[in-house]
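Read through the structure below, which is laid out as C-alpha cells, and then see the notes.
Throughout, read-outs are computed from the coordinates displayed, never taken from laboratory work. None of these values were measured; they are calculated from a predicted model. FYI the Cβ positions are ideal-geometry reconstructions off the backbone, even for glycines, and counts take in every protein chain you see.
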Amino acid sequence: YNEKWGEDEMHLRNIWGEWPYKRSDVIELPDFHENYPGYRTLGWLWTDNEMTWYIDGVKVASKRRGRDIPDGGWPDKDFCLILNNGLMSDVDGGTTTFPNYLEID
C-alpha cells in the first residue's frame, strides 16, 4: 500500500525495445490483495494478435496487437516471461510489510 496512490496495486506490464529506449504498457489491478486474497492461479495467453491475463481462470485484462501495443512492440519471437515481486522505488516502508514475499508453486 502506498499513501500517494491510495490503494494497493498489482501491475501487469509488457516491456519492449532496447535499453535505454525501452517502452512499456501497464495494466493496473487496484485493491489486488483485497480482491484476490491468498494463493491465486495466474494465467497468460499469448497469440499472434492478443495477450490476455487471467486470475483463477477469469479474464482480467487483454491487449491487442496494433491497437494497444504497436506491431514493433509485439512479442513475435522467443522471449522471457518474468514473474517478480518488484517494488517501486517510492514504496512506503512504513505501511509495506517486509520482508515481502512472492511464492510460486
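Considering only the other residues whose Cβ falls under 15 Å of the Cβ of Leu83, what net charge follows from Lys and Arg at +1 and Asp and Glu at -1?
Taking every Cβ under 15 Å from that of Leu83, the sum is 0.
For the pair Ile82 and Trp19, what calculated FRET efficiency results from E = 1/(1 + (r/R0)^6), where r is the Cβ-Cβ distance and R0 = 22 Å, to the nearest 0.05?
With a Förster radius of 22 Å, E is 0.90.
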